[in-house]
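Just below is one structure, and these are the notes that go with it.
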Amino acid sequence: QFPFGRRLPCDIYWHGVSFHDNNIFSGQVNKFPGMMETVRKITLSRAMRTMQDLFPLEYNFYPRSWIMPEELPLFVAEVRMMKDRNPSWKPTFIVKPDGGCQGDGIYLIKDPSDIRLTGSIQSRPAVVQEYICKPLLVDKLKFDIRLYVLLKSLEPLEIYIAKDGLSRFCTEPYQEPTLKNLHQVFMHLTNYSLNIHSGNFIHSASVNTGSKRTFSSILCRLSSRGADVKKLWSDIISLVIKTIIALTPELKVYYQSDIPAGKPGPTCFQILGFDILLMKNLKPILLEVNANPSMRIEHEQELSPGVFENVPSPVDEEVKVAVIRDTLRLVDPQKKKRKDTHSEVLPRLTPCSVLCRRCQSLEQAPEAGEELPEAALPSLCLKQVFPKYAKQFSYLRLVDRVAALFIRFLGVKGTTKLGPTGFRTFIRNCKLSNSNFSMAAVDILYIDITRRWNSMGIDHKESGMCLQAFVEAFFCLAQKKYKSLPLHDQVASLIELCECRLAALRGKRLVWGCG
């Protein structure tokens, strides 16, 4: 551990919070720049909404969401309209503060007017979502799933999913929300950090019982009841890949800002925590994505008033040790070198007690400092799902291509926002202006959209058009040009047109250069 940084270069940097924990210029870092900002509740909801606009059926695993305070009037109007259409509809909504974690500040409401009564939404932006009233129950308790996902590479995209995860249980029997039980957090919220304070929380030495269990134990139980567990896993893999596809455009903008192309710099990987809820019909619903999932393998136990000790948690150890061990195996920079010298071994990671605890279970554990043969390690718990299933999902990567256009016209390296000159250059080079859409209209479009996004308080560090604003402008241009097509075909057609015209322009410049 180097609390104040380290001058000598390293192969792998394991940062505690973010990419910017230390200044680094080479090696691999376990954080992507901008990941914390990208998976915040509001940014995630915006990214998912963009994908829902393009592919509504493919992205129906994310609850309908409204962003507060800017969409409060829209929220009120839409709920009123839905109630008018169906008077028997009695919804419940969950309010999640944008920067909240571990269940902090989350509450349930039955009516939009309750938001104003329950806290200062102006000072603390939030996401309001439809609450899933009919979750799958086990032992009459609501639970969610924490799955660990390794984003090994952004370009090319490479995703791994851990074969096991955690199931985190509420500590009071579930009842559908009513005005009387809305405030019973131990019944409705699955957050471990909340339920551990319940008198009903059970720390178990078994992975099959207690208030925290392995996901595989739940799958075994479902399988014994005749549930189609293979389909469930397939749906979860699909959810993870689609979510990462929704996040990559924003991540690429941050990435090129911190690590400009063509310059030496570190490469990145990151373990993400996906929180998923199962409905009664076993449909998985994405709750949120955590950029810094807890990797603790123990919990505090109170021996006497005010006196605590750390006690090992077999469930956490079962899942998390394997995730960290196999992440290091996959990103191991020495692996290729050893293959090149016909050596198939991994260095023993003796300083890390977390990893060594697993090694101790091997029949012939080597002495400290010796090398551990790859064949002696357990099989990888991380399963590659992308690019393995890339063909099935490549059609969804439209916003990725829009982001590539955005990055191309950013101009100044290190920036994340597009200036008016860059936007005009994009329009000119792609030949999108005409008699019906003049350059004056282009300027008005840029000013209107940029001003509105900047008023939302997205990022005031630098002026200009952020990626989400550019995506909105691009969609607007696509709808103007291809009026008769569905939105995803409009956007795809405009992307192909822009890419084609930019390729032709590049070809001309190469010819001129040769001349």
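The values are calculated or read from the model by the stated rules, or taken from the named source; none is laboratory data. Given the structure is predicted, the values throughout are model-derived calculations rather than measurements. Cβ sites come from the backbone with ideal geometry, for glycine too, and all protein chains shown count toward neighbours. Note: accessible area is taken over every heavy atom of the protein model, side chains too, but ligands, DNA and RNA are not part of it. Shrake-Rupley method; radii C 1.70, N 1.55, O 1.52, S 1.80 Å.
Screening Lys242 with (1) in contact with a Phe, Trp or Tyr (Cβ under 7 Å, 6 or more places away or on another chain); (2) at pLDDT 95 or above; (3) under 30 Å from Ile24 (Cβ atoms) gives one miss only, at (3). Is it the case that some residue within segment 10-20 is at pLDDT below 80, of a type in the set (Phe, Trp, Tyr) and in a loop (DSSP other than H, G, I, E, B)? No: zero hits. Among the residues of segment 431-446, those that are open to solvent by less than 60 Å² (accessible area, probe 1.4 Å) and touching a Lys or Arg at 6+ places or on another chain (Cβ under 7 Å) comprise Phe437, Met439, Val442. For segment 409-430, the set of residues classified as open to solvent by less than 20 Å² (accessible area, probe 1.4 Å) and assigned to a helix (DSSP H, G or I) consists of Gly422, Phe423, Phe426, Ile427, listed by residue number.
Of all the numbered requirements in (1) part of a strand (DSSP E or B); (2) open to solvent by 10 Å² or more (accessible area, probe 1.4 Å); (3) modelled with pLDDT of 95 or more, Asn310 misses one, and that requirement is (3).
For Arg49, the stated conditions do not hold, so it cannot be described as touching a strand residue (DSSP E or B) at 6+ places or on another chain (Cβ under 6 Å), touching a residue at least 12 places away in the same chain (Cβ under 8 Å) and surrounded by fewer than 20 Cβ atoms within 10 Å (Cβ to Cβ).
Residues are listed down the side, and each one gets a yes or a no for (1) assigned to a strand (DSSP E or B); (2) open to solvent by 50 Å² or more (accessible area, probe 1.4 Å); (3) out of contact with any Asp or Glu (no Cβ under 6 Å at 6 or more places or on another chain); (4) free of Cβ contacts under 8 Å to residues at least 60 places away in the same chain:
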position	(1), (2), (3), (4)
Gly199	no, yes, yes, yes
His203	no, yes, yes, no
Asn208	no, yes, yes, yes
Cys220	no, yes, yes, yes
Leu239	no, no, yes, no
Thr243	no, no, yes, no
Ala246	no, no, yes, no
Ile271	yes, no, yes, no
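Of the residues making up segment 498-507, those that are touching a helix residue (DSSP H, G or I) at 6+ places or on another chain (Cβ under 8 Å) and open to solvent by 20 Å² or more (accessible area, probe 1.4 Å) number 3.
Of all residues in segment 77-94, those satisfying the criterion of being exposed (fewer than 14 other Cβ atoms within 10 Å of the Cβ) and not in a helix (DSSP H, G or I) are Asn86, Pro87, Ser88, Trp89, Lys90. Looking only at residues of segment 252-284 that are among the aliphatic types (A, V, I, L, M) and modelled with pLDDT under 85, we find that the one that is nearest to Leu141 (Cα to Cα) is Ile259.
Those residues that are open to solvent by less than 50 Å² (accessible area, probe 1.4 Å), in a loop (DSSP other than H, G, I, E, B) and either without any contact (Cβ under 8 Å) to a residue 24 or more places away in the chain or closer than 16 Å to Lys110 by Cα (or both), I need them from segment 171-188; list them, please. Result: Pro177, Asn181, Leu182.
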